[in-house]
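Just below is one structure, and these are the notes that go with it.
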Amino acid sequence: MTEEPRRLPTPVIVVHQVTKTYGMGDTEVHALAGVSLAIQRGDFVAIMGASGSGKSTLMNILGCLDLPSTGRYLLDGVDVQGLDETQLAEVRNRKIGFIFQSFNLIPRTSAIANVELPMVYAGVKKAERRERALLAMESVGLAKRLNHTPAELSGGQQQRVAVARAIATNPAMILADEPTGNLDSAASADVLDLFEALNAEGRTVVLITHENEVADRAKRVIRLRDGRILEDVRNQPLAPTAITA
Amino acid sequence: MSLDNLRIALQGLLANRLRSALTMLGILIGVGAVIVLVAVGNGSSIAVQSQIQGLGTNVLTVQTGGFGGFGGGGAGGGGRRNGTTSRSVTLTKADVTGLGNTTLVPDVKEVAPTVNASVTGTYDGTTYQPSQFVGTTANYAQIRNYEVASGSFFTDEDQAQHRKVVVLGTTVVSQLFGQGVNPIDRVVKFGSARFRVIGVFKPRGTNGVQDQDDIAMAPLAAVQDSLTGNSGTFQSITLEATSSKTTDAAQAEVLAVLGSNHKLSSAQASTTFRVLNQASLLQTSNASNRVFTVLLGAVAAISLLVGGIGVMNIMLVTVTERTREIGIRKAVGAKKGDILGQFLVEAVLLSLLGGVTGVVGGLIGSQFKIVGITPVVAPYSVGLAFGVAVLVGLFFGIYPANRAASMRPIDALRYE
Ligand SMILES: Nc1ncnc2c1ncn2[C@@H]1O[C@H](COP(=O)(O)OP(=O)(O)OP(=O)(O)O)[C@@H](O)[C@H]1O
Ligand SMILES: [Mg+2]
């Protein structure tokens, strides 16, 4: 592993001069135009910015769903550019809990099976993964909705299933792309409480939001504009105990 | 992981029950068709073989007239070939005697000259014309494997005494006597002559061309006396070779004797006389039946292929429709192999289930008579159809599965 010199502890996320360009020629879009940032373990970061400013693009790169056009992304000190497809799948599986704006649950499949899914690919034994999925469903308050399919759940409940799926594998890092975008204020307060609790346990949380009330609960707020970091503000200090990946 | 793959694939299939069932149907019909059609081909070939064997594989039949072509049939002038008019050559008593000479014709065991009459039988006001009325010698029944169900066949004694006795096939019996009448010892008028029925043949059924039970047989002498006239010539001579292996040798000997009797060169003899050889008939029919079976199998194989393309089609639709699902699975850590495995297992499961039901359906379908043929299931066709079905699923599943597995998670997730 590459040691980051003279900075302890090692940041879990290091993004260095990352750009992302979509399309070619006339249709070329610079979704990210050179972003550099570091995120410490145990931080709770909100990313804000106008629509089209590149938030989702950045988040997808952080979540190893997409690769940068240029620049470097080091996760736990490892450059993801050097990882092959299988290793990337393993990183997504073990280190990251990704929560999508549009839930992204598998249709016609029970909530509990959706929560178990990452553990299926991690090779966790059936009994153990059922147990861990149950715990995750309990922690999001959906212990009574185990066998409902996504279509049989409300938007807020679906989002909580998505959260349960993200935390069931005990990832050190939670990445959430507008997790409260589709929720009313009560439901979004529930989800935010969950994130706060997870962060209090020492997990790193990065979320995208348009709402100031959501951003206010984060320890650090990063604003993007036109694919660049506009400002980076710390509201609360970092907790001393952090969970290592 | 492979067990989980199986479970995930099963869930995928169950989530789209109707579509899965329809895809399976394609494979089912393909596999079933292969089994049934090959069984039909097989069954018909076995039936024809047993019929030919029933006629006796060591039987040769000699007739005059070549294999048509020159002058042929009713042409008045006839074909003059190599100085001989084939019409003028007939089978005579001398030929029968010559063919009975075991030093000249060592591979022939029995010789039976036959004449055919076209004659209407009358009994108690009912008339019927058998399609065959054969006058022959007493050894004919044994050469041709005719068995008598009641009464007996005529003897050499009947032949020597010119007795007007007749043995009838069951079709003739039922036409002349109707139901419930024992024909034995009753007298039937054939033409102007009165023949006493002394036996009834066991039913032989059809040979595919004619009803073999529509026949009457009487001693040659009596038929010549009263129906055909005693011209001393025969329509054909039926011979029995010493074994089914010597029929070809016997055929050559027969042609040599006939050639020398009629002063013909061997080339002339082989065009003047026509020797039907049951063994070679069996070979020919075996060959043509094999072609028939292969053709049927090919038709069925095409339907299996179409079924396979159906699997590919459905898998492609499934992959397209479930692109987002693929993206989600990859986002939470599914590797390429996991996705590949899932969709391949789905495809193979589809064709496996279709294959199993197709085998069952094919075996059931082969229990029924199809266009008069009793199908005989060829075990190889079951294994082949089933194996091909699974391979088809694998083959046609690989492309869609690979397409699904190769998608980048972000592209799959963005897919609308
Ligand atoms: N697959 C793509 N192909 C082409 N252009 C893209 C693609 N994805 C994003 N973009 C462009 O990149 C820019 C940044 O998009 P991104 O999704 O990161 O915005 P965002 O900040 O998440 O916006 P929102 O708040 O509306 O979700 C946009 O201009 C968008 O049009
Ligand atoms: Mg976005």
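FYI, it's all coordinate maths here, none of it is from the lab. Computed from a predicted model, the values in this text were never measured in an experiment. For neighbour counting, all protein chains shown are included, and Cβ atoms are generated from backbone atoms with ideal geometry for every residue, glycine included.
Let me spell out the model: positive unit charges on the Cβ of Lys and Arg, negative unit charges on the Cβ of Asp and Glu, origin at the Cα centre of chain B. What dipole size does that give, in debye rounded to 20? Before the final figure, lay out each step's value.
On the way: 31 positive and 23 negative charges, 239 e Å.
In debye, rounded to 20, chain B gives about 1140.
Which part of segment B:184-203 falls in the paramagnetic zone of residue B:150, meaning amide N under 17 Å from the point 7 Å along Cα-to-beta-carbon?
Within reach of a label on residue B:150: B:184-188, B:196-203.
Dividing the alpha-carbon radius of gyration of segment B:274-343 by 2.2 N^0.38 Å (N being the number of residues), what value is obtained? Numbers along the way, then the final one.
Working: Rg = 25.2 Å, N = 70, 2.2 N^0.38 = 11.1 Å.
Ratio of Rg to 2.2 N^0.38 Å for segment B:274-343: 2.28.
Of the beta bridges DSSP finds with both residues in chain A, what % are antiparallel, to the nearest 5? It would help to have the intermediate numbers written out before the result.
Details: 21 of 39 bridges.
Rounded to the nearest five, the antiparallel share is 55 percent.
Between their Cα atoms, which of B:109/B:164; B:164/B:189; A:95/A:126; B:93/B:245 are more than 18 Å away from each other? Walk me through the numbers on the way to the answer.
Working: B:109/B:164 27 Å; B:164/B:189 10 Å; A:95/A:126 21 Å; B:93/B:245 27 Å.
Beyond 18 Å between Cα atoms: B:109/B:164; A:95/A:126; B:93/B:245.
What nm distance separates the two modelled labels at residue A:36 and residue B:371, each placed 7 Å from Cα along Cα→Cβ?
8.3 nm
Would you work out which of A:204, B:388, B:114 lies farthest towards the positive end of the dipole of the protein assembly as shown, given +1 charges on the beta-carbon of Lys and Arg and -1 on that of Asp and Glu, about the Cα centre?
Sorting the options by dipole projection puts first B:114.
Using a 7 Å offset from the Cα along the Cα-to-Cβ direction at both residue B:11 and residue B:317, what is the distance between the two label points in nm, to one decimal?
Spacing of the two 7 Å Cα→Cβ label points: 2.3 nm.
Of A:23, A:179, B:215, which is farthest along the charge dipole of the protein assembly as shown in the positive direction, counting Lys and Arg as +1 and Asp and Glu as -1 at C-beta?
B:215
Only bridges whose two residues both fall in the protein assembly as shown count here: according to DSSP, what percent of them are antiparallel, nearest 5?
On the way: 60 of 87 bridges.
Roughly 70 percent of the beta bridges in the protein assembly as shown run antiparallel, per DSSP.
Please compute the contact order of segment A:31-133 in relative form: average sequence separation of alpha-carbon pairs under 8 Å and at least six residues apart, divided by the residue count, as a percent. Please list the in-between numbers first.
On the way: 48 pairs, mean separation 17.3, N = 103.
Taking the mean separation of contacting Cα pairs over the length of segment A:31-133, I get 17 percent.
Classify segment A:145-245 as rounded, prolate or oblate from the Cα gyration tensor: take a ≥ b ≥ c as the square roots of its eigenvalues, call it rounded if a/c is under 1.5, otherwise prolate when a/b beats b/c and oblate if not.
Working: a/c = 2.07, a/b = 1.38, b/c = 1.51.
Because a/c hits 1.5 or more and a/b fails to exceed b/c, segment A:145-245 counts as oblate.
I'd like the orientation of helix B:17-55 relative to chain B: the angle between its Cα long axis and the longest Cα principal axis, in ° from 0 to 90, rounded to 10.
20 degrees
Quick one: Cα centre-to-centre distance for segment A:167-199 and segment A:10-70, in angstrom?
20 Å
With both bridge residues required to lie in segment B:90-261, what share of the DSSP beta bridges run antiparallel, to the nearest 5%?
Values: 26 of 35 bridges.
The antiparallel fraction comes to roughly 75 percent.
What ranking, highest mean first, results for peptides A:176-183, B:175-182 when packing means the other Cβ atoms within 10 Å averaged over each residue? Kindly include the intermediate steps, with their values, before the conclusion.
Details: A:176-183: 22.0, B:175-182: 13.4.
So the peptides A:176-183, B:175-182, ranked by packing, come out A:176-183, B:175-182.
Compute the relative contact order of segment B:90-261 as a whole-number percentage, counting only Cα pairs closer than 8 Å that sit 6 or more residues apart in sequence. Working shown, then result.
Working: 351 pairs, mean separation 60.6, N = 172.
Over segment B:90-261, the number comes to 35 percent.
Magnitude of the Cβ-charge dipole of segment B:90-261, K/R +1 and D/E -1, about the Cα centre, nearest 20 debye? Intermediate values should be presented prior to the final figure.
On the way: 12 positive and 16 negative charges, 76 e Å.
Roughly 360 debye for segment B:90-261.
Tell me, rounded to the nearest percent, the portion of alpha carbon pairs in segment B:90-261 spaced more than 22 Å apart. Numbers along the way, then the final one.
Working: 6615 of 14706 pairs.
Here the long-distance tail beyond 22 Å is 45 percent of all Cα pairs in segment B:90-261.
Percent of alpha carbon pairs in the protein assembly as shown separated by more than 40 Å? Walk me through the numbers before you get to the answer.
Values: 123508 of 218130 pairs.
Beyond 40 Å sits 57 percent of the P(r) for the protein assembly as shown.
May I have the extent of the alpha carbons of segment B:156-207 along their three principal axes, as whole Å values ordered from largest to smallest?
Computed over segment B:156-207, the largest-to-smallest principal extents equal 32, 23, 19 Å.
From the helices alone, meaning DSSP H stretches of at least four residues, give me the mean residue ellipticity at 222 nm for chain B, per-run term -39500 (n - 2.57), in deg cm²/dmol to the nearest 500.
Numbers: 14 runs with 220 residues, N = 416.
Calculated at 222 nm, the ellipticity per residue is -17500 deg cm²/dmol.
Which FRET efficiency, nearest 0.05, do residue B:298 and residue A:152 yield, Cβ-Cβ r, R0 45 Å?
After rounding to 0.05, the efficiency reads 0.35.
For the protein assembly as shown, what is the charge dipole size about the Cα centre, in debye to the nearest 20, if Lys and Arg each add +1 at the Cβ and Asp and Glu each add -1 at the Cβ?
On the way: 58 positive and 52 negative charges, 118 e Å.
Approximately 560 debye in magnitude.
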